[in-house]
Amino acid sequence: MSESLDPSHETVVWVADTGLFIACGRQQNNKYTALKQFAQRNDTTFVIPQRVYDELGGAPDRSTPGQMPINSAITDGWVTVADEPDYTNSTVSKVMDTVRGYIARSSNRDEDDIEKADTALAAVAATHLDNGDARYVCIVTTDVDAGEGVVAALAAHGFVDRIQFKNGFELIKEIT
């Protein structure tokens, strides 16, 4: 899609990757606060795949004691964890395969070395679009290959002009 998505538009689902939250840091960090305010101001909830949650949940030592930043965001309501994708849905599985191949080609890596969280972004986006839960999806990741791969894969599978990639570093820069 050529124009930027309106974050407050109710039919837009924002699917976020690990890198966005890592780039924001702890709850006390101004980037974390800015992302939280962006979501709240625009009545937006970032949806993260279970794999992303698992990746973010493994670093309690670097977080506020007793509460990881991602859990605080979930408790505050501006982040939610997606249900596990239905891998028997042919659209979901085809999109995941296409993303894996795209990232492998664009990064000169073997498909077996592609992070499962990258394909999980595509699965969550495909699920929302395929089920009609969203008219548009915005993928927010700091991994350009993954972001572009998800857009290309979903477009190739019939969701042309319904998917957008937003570089997480650029989003943080815009809102801070």
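The values are calculated or read from the model by the stated rules, or taken from the named source; none is laboratory data. Keep in mind that what you see is a predicted model, and the values were worked out from it rather than measured. All Cβ positions, glycine included, derive from the backbone under ideal geometry; neighbour counts span all protein chains shown.
Residues of segment 64-105 that are farther than 24 Å from Asp145 by Cβ and aromatic (Phe, Trp, Tyr): Trp78 alone. The residue that is surrounded by the most Cβ atoms within 10 Å (Cβ to Cβ), counting only those in segment 161-176 that are part of a helix (DSSP H, G or I) and among the hydrophobic types (A, V, I, L, M, F, W, C), is Leu171. Within segment 73-118, the residues that satisfy the criterion of being within 18 Å of Phe21 (Cα to Cα) and not aliphatic (A, V, I, L, M) are Thr75, Asp76, Gly77, Trp78, Thr80, Glu115, Lys116, Asp118.
Filtering segment 107-165 to residues that are farther than 14 Å from Met96 by Cβ and among the small types (Gly, Ala, Ser) leaves Ser107, Gly132, Ala134, Gly147, Ala155, Gly158.
Residues checked against (1) under 16 Å from the mean Cα position of the chain (by Cα); (2) of a type in the set (A, V, I, L, M, F, W, C); (3) within 22 Å of Ala39 (Cβ to Cβ):
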residue: Asp76; (1), (2), (3): no, no, yes
residue: Lys94; (1), (2), (3): no, no, no
residue: Leu121; (1), (2), (3): yes, yes, yes
residue: Cys138; (1), (2), (3): yes, yes, yes
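In segment 92-100 there is no residue matching the filter, namely being in contact with a strand residue (DSSP E or B) (Cβ under 8 Å, 6 or more places away or on another chain), free of Cβ contacts under 8 Å to residues at least 60 places away in the same chain and within 20 Å of Val160 (Cβ to Cβ).
Screening segment 46-65 for residues that are modelled with pLDDT under 95 and part of a loop (DSSP other than H, G, I, E, B) and picking the one that is farthest from Thr80 (Cα to Cα) gives Pro65. The single condition among (1) of a type outside the set (Asp, Glu); (2) at positive phi; (3) buried (at least 21 other Cβ atoms within 10 Å of the Cβ) that Gly158 does not meet is (3). Please determine, by comparing only the residues of segment 106-157 that are without any contact (Cβ under 8 Å) to a residue 12 or more places away in the chain and assigned to a helix (DSSP H, G or I), which one is farthest from Gln50 (Cα to Cα). If we take residues in segment 106-157 being without any contact (Cβ under 8 Å) to a residue 12 or more places away in the chain and assigned to a helix (DSSP H, G or I), then Ala155 is farthest from Gln50 (Cα to Cα).
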